[in-house]
Structure formats: C-alpha cells, structure tokens
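Novice: Have a look at this one before I ask anything.
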Amino acid sequence: MGAVESNIVSYAKIGADARTAADTGDRIAHIKLSLVFLPLATPVSDAKVLTGRQKPLTEIAFIFAEIATRDGHSGIGFGYSKRAGGPGMYAHAKELAPHLIGEDPNDISRLFTKLLWAGASMGRSGLTTQAIAPFDIALWDLKARRANLPLAKLLGAERDSVQCYNTSGGYLHTPLDQVLKNVEISRQSGIGGIKLKVGQPDLAIDIERVAAVRKQLGNAFPLMVDANQQWDRQKATRACRAFEDFDLTWIEEPLDAYDFEGHAQLAERFDTAIATGEMLTSFGEHAQLIMGEGSDFIQPDAPRVGGITPFLQIMSLGAFKGRKLAPHFAMEIHLHLAAAYPIEPWLEHFEWLGPMFNEQMHLKDGRMHVSDRPGLGFSLSEQALSWTAETEEFGKRP
C-alpha cells in the first residue's frame, strides 16, 4: 500500500453486516426487590443513644435487588437502613425499578445517572441515592459474574486480602469485662485490629475502657476508637489529647459528620489520625470532606452513597489526595473495593450479616481474603427469606 493521501477527505464504507454495541447488547428483563428485616438479639447502643438522639438499635432493614437479563446473566445487590428509613427506601426503589427494564446492564454509569435524576426533585443525596444502591451494586455483581471474576479482580485488585478490624464487640452497652472477652475472642479468631465505641458523658470512663483494652492487647496491636459524632470542638480537642498516649490507629467521628473544618483542625493538631465519612450519602459530600483536608482516613459506605459507581469516584479522589481508606459496614461489598484501593486500607468486620448469605468470608492472620467466587460471591440464604417482609417483581423472568 502506498502513502496515505493527506490532502483529500475520504470515508470507509461500513459492511452490510456490521452491527453496533447498541444493536447487540444484553437487556435487563427482570428485577425482584425484597425488604428484609435483620433482628438483633441484644439492642445496640453508641454515643448517639446516650445523648438521647437515637433509640437503641434493634433491627436493620435491607433492600435487596436481584437483576436478571435476557441473555441469562444475574446479579444481586443490597442497601440498608438502621432504625428508620428502610420502608421509605424500599418504596422509592419500587419507583425506580421500572426505569431499568429493557436497559443494557453494561451501561452502569449511565443507569446510575438515570436513576439519580428520576428522584432528583428530592435531592441527590440521602434516601434518593441510598435507594439506587441495591440496583447499582447488583449490576456490578452481574458484570463480574459474567466475566467469571471476583469483583475485586474485575476492578483491578491491588491485593488479595485486606487488613480487618472488629467493631461489634466494643459497644458502649457492653460491660468492660465482656468487652475484654470479646477482644480476646476476636484476636484468637484472626482479627487484625479492634475498635471501641467512646463518647460516655464522663470522659474518664472512656479512658478507663480504652486503657484496659490497650493493656490487654499490648502496644503493637492496632486499636481504634469511635465517638459517633458525640463531641463539640472543645470536648473533641480534650478527648483527642487524652487519647494520644494510647497510640491509636485513628479516632473516628469526634465531631458532627458535616463539620469538615473541625475534623481538619483535629487532623492537623494531633498525631493520631482522624477518620470520618460514614454518614455522608453522595460523592459530592465526600468530595467536600476530601478536598477540605477533613480527615486522614475516609470511610465511605457504598450502600449509603448510592452504590459502587459513586464509591469508585470517591476512591479515585481519595487516592489522588493521599487519603487512607476504611469503608464503613457491609464488608461483603467493601472487601472487593478496598482490595482495589492503591493505598493499604482497612476493612470493618461485622458478623451480623452472616446469616443472610449461604457463603461466608475468609478471615486469617489479621486479614480478610478475597474469595475466588465470581462477583461479590454471595447468595441469599433461607434465613434471609424467612426475614423477608415484602417483595415485588418487575418485568418478566427470562
């Protein structure tokens, strides 16, 4: 072939049998939504309960989305709400589901935007984004299953396991002697870190409990504390100063979740890292936190921010700004996302969700290991079905 003619425009002819991606893409055929209530045998209390802002937690509402396509692929995702909001999320999810029928499941980003604008008159954070999460997560699960890859591998894993810490054994309602027993059980079970709830009306009680756990663990074992937005700036400053001697991995939510400036001041002032972000419900809110230098650790929650699509945006911005990552709750989802984060992250261990799934997670040597199961690697158990309060289906089963 001679040189390409650069002085004349020309256009290649398209073959008669050529087809576009839009012509050949799969289509969402069926969606099943379920509202499931997970009961907690012992009511759970943190600092928000002690101040009277909330009642003890007795159950968690989950909204599951099971998506099936014309070509026989499927995925499952979930969102959740504690104390209140579950039925509201479920109601909005039922409004959103019909918008997905007939759509190409590969177009996850576009579909997230479509669902976001469907409820935009109520805002683009809070319940409106949380109701999108079950669908978005199910679509990512479907995509990874279709590729026959764990989601972490589909995203491009940086590691095959993530260091993991336990929260559920150190709530404020738990007596100190039981906390110490829980700490030992966790350590013997292979946990990599321990987090305690703080925020007692008397700071001396918090210090006593943290000191007892630090003594039992020794100086080298990772220990975190979580104040659940209990303090104002003055009290938070005093508490952070008091906790400096315990060599904590981080102090979590010492201030109101939206006090980005106050968190940034604490992060600048003290050696102990500051962590926050679990209560934020959109990429935009996390962007304010990250760009405002509001914390050392960011703690996004995929079901709360609207799913995996906005979570990946948060990860990109967080990594660009050098923030460490410690996702909140839902380790079944966050293991895969944390495994793909470029800076060594932490994973929060909650065993509460275990009975809802047929499969379990692999904890060993302080780390949670990514399974070889495709997608998120989970299916709903008979126990989850027995806790189901409502279901509704859309489209036709393929």
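Novice: What are the pairs with Cβ atoms under 6 angstrom where one residue, in region 268-296, is open to solvent by less than 20 Å² (accessible area, probe 1.4 Å) and the other, located anywhere, is in a helix (DSSP H, G or I) and among the hydroxyl-bearing types (Ser, Thr, Tyr)? Sequence gap at least six, or different chains.
Specialist: THR281/THR129; SER282/THR129
Novice: For residues that are closer than 30 Å to PRO43 by Cβ, surrounded by fewer than 16 Cβ atoms within 10 Å (Cβ to Cβ) and not aliphatic (A, V, I, L, M), tally how many sit in region 89-116.
Specialist: To start, the set of residues in region 89-116 that are closer than 30 Å to PRO43 by Cβ comprises 89-94.
Filter once more, keeping what is surrounded by fewer than 16 Cβ atoms within 10 Å (Cβ to Cβ): 91.
Narrowing further to those that are not aliphatic (A, V, I, L, M): none.
Going through region 89-116 one residue at a time, the tally reaches 0.
Novice: Scan region 29-56 for residues that are touching a residue at least 12 places away in the same chain (Cβ under 8 Å), among the small types (Gly, Ala, Ser) and either in contact with a Gly (Cβ under 6 Å, 6 or more places away or on another chain) or on the phi > 0 side of the Ramachandran plot (or both) and report the count. Outline the logic, then answer.
Specialist: Start the filter on region 29-56 by keeping residues that are touching a residue at least 12 places away in the same chain (Cβ under 8 Å), which leaves 29-40, 42-51, 54-56.
Now narrow it down to the ones that are among the small types (Gly, Ala, Ser): 29, 34, 45, 47.
When the remaining residues are screened for being either in contact with a Gly (Cβ under 6 Å, 6 or more places away or on another chain) or on the phi > 0 side of the Ramachandran plot (or both), the result is 29, 47.
Final tally of qualifying residues: 2.
Novice: While we're on this one: So GLU382 ticks every box in (1) surrounded by fewer than 18 Cβ atoms within 10 Å (Cβ to Cβ); (2) over 18 Å from PHE329 (Cβ atoms); (3) in contact (Cβ under 8 Å) with a residue 12 or more places away in the chain but one. Which box is left unticked?
Specialist: GLU382 satisfies all of (1) surrounded by fewer than 18 Cβ atoms within 10 Å (Cβ to Cβ); (2) over 18 Å from PHE329 (Cβ atoms); (3) in contact (Cβ under 8 Å) with a residue 12 or more places away in the chain except (3).
Novice: A further question follows. Considering each of TYR165, TYR171 in turn, give the residue that is in a loop (DSSP other than H, G, I, E, B), in contact (Cβ under 8 Å) with a residue 12 or more places away in the chain, within 29 Å of LYS48 (Cβ to Cβ) and aromatic (Phe, Trp, Tyr). Please lay out each step first, then the result.
Specialist: Details: TYR165 fails: in a loop (DSSP other than H, G, I, E, B).
Just one listed residue meets the conditions, TYR171.
Novice: Checking the condition on the phi < 0 side of the Ramachandran plot, open to solvent by less than 20 Å² (accessible area, probe 1.4 Å) and not charged (D, E, K, R), which residue from HIS369, HIS336, HIS362 passes?
Specialist: Details: HIS369 fails: open to solvent by less than 20 Å² (accessible area, probe 1.4 Å); HIS362 fails: open to solvent by less than 20 Å² (accessible area, probe 1.4 Å).
Just a single option satisfies the conditions, and that option is HIS336.
Novice: Is it true that LEU176 is of a type in the set (A, V, I, L, M, F, W, C), within 30 Å of ALA212 (Cβ to Cβ) and modelled with pLDDT under 95?
Specialist: Values: of a type in the set (A, V, I, L, M, F, W, C): yes; within 30 Å of ALA212 (Cβ to Cβ): yes; modelled with pLDDT under 95: no.
The answer is no for LEU176.
Novice: Could you check how many residues of region 156-185 are more than 20 Å from the chain's Cα centre (by Cα) and open to solvent by 40 Å² or more (accessible area, probe 1.4 Å)?
Specialist: So the answer is 9.
Novice: Also, quick follow-up: Determine the pairs where a residue that is within 30 Å of TYR171 (Cβ to Cβ), located within region 57-84, has a partner that is open to solvent by 10 Å² or more (accessible area, probe 1.4 Å) and among the small types (Gly, Ala, Ser) with Cβ atoms under 6 Å apart, the partner being 6 or more residues away or on another chain.
Specialist: ALA61/SER81
The values are calculated or read from the model by the stated rules, or taken from the named source; none is laboratory data. Because the structure is predicted, anything quoted here is derived from the model rather than measured. Methodologically, a virtual Cβ is constructed for each residue, glycine included, from the backbone with ideal geometry; neighbour enumeration extends over all protein chains shown. To get the accessible areas, we keep the full protein, side chains included, count just its heavy atoms, and leave off ligands, DNA and RNA. Shrake-Rupley method; radii C 1.70, N 1.55, O 1.52, S 1.80 Å.
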